[in-house]
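Values in this text are rule-based calculations from the coordinates and carry no lab data. Source: prediction; values computed, not measured. Because the Cβ atoms are built from the backbone with ideal geometry, glycine has one as well, and the counts that use them run over all protein chains shown.
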Amino acid sequence: MTRAYNFSAGPATLPEAVLRQAQAEMLDWNGVGASIVELSHRGAEFMAVAARAEADLRALMAIPDDYALLFMSGGATTQQALLALNFASPGQKVDYVVTGHWGKTAIKQVRPYVDVHVAADGEPGGFRDIPARDTWSLSEDAAYVHITANETIHGVEFRDTPQVDNAPLFADFSSSIASEPLDVSKYGLIYAGAQKNLGPVGISVVIVRRELLERAGQPRADIFTYASHAARDSMLNTPPTWNWYLLGLTVKWMLEQGGVAEFARRNAAKAALVYGAIDGSGGFYRNEVAPAVRSRMNIPFFLPDETLTARFVTESKSAGLLALKGHKAVGGLRASLYNALPPEAAQALVDFMRDFQRRNG
Ligand code: PMP
């Protein structure tokens with residue numbers, strides 16, 4: 001068996017060590033005679049797995065004690081809707097800074113419940129840059145300000161946490177969580193689907209300043225209430241135990257590898273290799289994002305025409321480089337370089353790119 005290098009944007013590559021451990025424990029977890037996925041979420045075995053994952057993620061991300069850490073079923077889109085239901089009153093103003101496709105999705109989820117104010121919008125510039133902080137028009141009375149820390153499709157990222165004083169800052173970290181050190185205390189809430197940097201799809205993490213859980217929000221079911229999930233340690237109903245377990249293994253692996261500082265170093269090196277190959281190609285490959293906000297996680301890039309793009313996708317796959325086709329919203333190619341993607345993968349991609357250009361340039 002050979003494992004290819006997988007550049008998928010998500011669900012994405014997982015550490016091989018994690019997959020091997022899950023495989024080894026599949027039929028019999030820790031000698032109990034059953035798989036972890038067959039055990040009750042209320043039993044001592046799974047409770048220990050869940051608590052370990054929480055403690056490890058708190059350690060990995062240095063999450064302060066006055067923040068709740070929730071493990072929620074489903075994806076980031078669900079959290080996008082829950083933000084309005086939990087933290088804004090009906091029709092209340094909320095500020096959104098839109099820097100790509102996922103910022104627009106976030107707005108779509110809350111429109112039925114709140115008065116959305118777009119405080120800044122990168123779309124007129126084709127989402128190739130992040131509007132400068134001093135151009136944002138923040139509201140006096142917003143319930144929160146929402147940003148997308150890293151735009152998975154457009155490939156732009158906030159390099160620093162923007163200073164926001166009018167309301168708590170909420171951020172979608174789906175595609176960059178735990179990829180570098182972060183000062184969690186600058187945020188009111190951070191959410192992320194796990195399927196890029198933290199593990200498998202089907203579980204999301206929400207990191208929220210506890211005092212915000214006291215907000216009334218709007219009429220909603222208990223199951224849509226973050227405070228209820230927090231009060232029951234994310235076991236208000238049956239949680240996605242398999243996903244939680246895999247997330248725990250992935251986080252433990254990240255700690256063993258040296259934590260977020262080490263991943264920041266590796267991720268910067270991988271991204272520098274790929275951007276270097278693009279910028280050094282004399283225009284054969286193009287990435288149009290302003291250099292100061294280029295994503296280190298997702299690199300969209302383009303060839304001179306569609307025929308070459310299709311050829312690149314086919315030939316790279318045959319060469320063991322998977323999932324380099326761009327998202328349909330922007331076309332072209334995209335390389336996602338999450339924590340679990342080894343540095344050798346970025347080198348293999350760059351070698352392939354140079355060879356492809358030699359043959360087709
Ligand atoms: N936000 C971002 C930044 C994403 O990349 C994605 C998925 N690619 C989403 C939100 C939506 O996540 P999900 O499909 O888990 O709902």
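Seen from Thr309, the other residues with C-beta closer than 14 Å to its C-beta sum to a net charge of +3, counting Lys and Arg as +1 and Asp and Glu as -1. Distant-in-sequence amide contacts of Val118, defined by a placed amide H-H separation under 5 Å and a gap of 5 or more residues or a different chain, comprise Tyr96. Ranking of Ser234, Ser318, Ser176, Ser73 by neighbouring Cβ atoms within 10 Å, starting from the fewest: Ser318, Ser73, Ser234, Ser176.
Measuring r between the beta carbons of Thr307 and Glu344 and using R0 = 25 Å, the FRET efficiency lands at 0.25. Placing +1 on the Cβ of each Lys and Arg and -1 on the Cβ of each Asp and Glu in the chain, which of Ala178, Tyr5, Ala221 has its Cα farthest towards the positive end of the resulting dipole? Most positive-ward Cα: Tyr5.
Kindly put Lys186, Lys252 in sequence by how many other C-beta atoms sit within 10 Å of each C-beta, fewest to most. Please list the in-between numbers first.
On the way: Lys186 15, Lys252 20.
The most exposed by this proxy come first: Lys186, Lys252.
Dividing the mean sequence gap of close Cα pairs (under 8 Å, 6+ apart) by how many residues the chain holds gives a relative contact order of 23 percent. For the range 1-51, the relative contact order works out to 14 percent when only alpha carbon pairs closer than 8 Å and six or more residues apart are counted. Computed from the C-beta positions of Ala216 and Arg159, the FRET efficiency with R₀ = 45 Å rounds to 0.80. Suppose we keep just the DSSP beta bridges with both residues in the range 110-213; what percent of those would be antiparallel, to 5? Close to 50 percent.
Peptide packing for 297-310, 132-145 was compared via the average number of neighbouring C-beta atoms within 10 Å per residue; ordered from the highest value, the list is 297-310, 132-145. Taking the DSSP beta bridges with both ends in the chain, the antiparallel portion is around 55 percent. Taking every alpha-carbon pair within the range 17-256, the share separated by more than 21 Å comes to 57 percent.
Take every DSSP beta bridge whose two residues both sit in the range 146-270, then give the antiparallel share in percent to the nearest 5. Spell out each step's value before the answer.
Working: 7 of 13 bridges.
Here the share of antiparallel DSSP bridges comes out near 55 percent.
Among Leu337, Leu324, which comes first, second and so on when ranked by fewest other beta-carbon atoms within 10 Å?
So the residues, fewest neighbours to most, are Leu324, Leu337.
Taking the Cα centre of the chain as origin and assigning +1 to Lys and Arg Cβ atoms and -1 to Asp and Glu Cβ atoms, the resulting dipole is close to 840 debye.
Between Asp134 and Phe224, the FRET efficiency estimated from the beta carbon spacing at R0 = 35 angstrom works out to 0.45. The peptide list 99-109, 37-47, put in order of mean Cβ contacts within 10 Å with the highest first, becomes 99-109, 37-47.
Full extension of the segment from Lys328 to Gln21, taken as 0.36 nm per residue of separation minus the current Cα-Cα distance, would add 107.0 nm. Mean residue ellipticity, 222 nm, helices only, the chain: the sum of -39500 (n - 2.57) across DSSP H runs of n ≥ 4, divided by residue count and rounded to 500, is -11000 deg cm²/dmol. Whole-Hz Karplus values for the range 353-359 come out as 4, 5, 5, 4, 5, 4, 7 Hz, taken residue by residue from phi with 6.51 cos²θ - 1.76 cosθ + 1.60 and θ = phi - 60°; glycine and proline positions read x.
Using the Karplus relation 6.51 cos²θ - 1.76 cosθ + 1.60 with θ = phi - 60°, the per-residue 3J(HN,Hα) values for the range 258-273 come to x, x, 5, 5, 5, 5, 4, 5, 4, 5, 5, 5, 4, 5, 4, 4 Hz, with x marking Gly and Pro.
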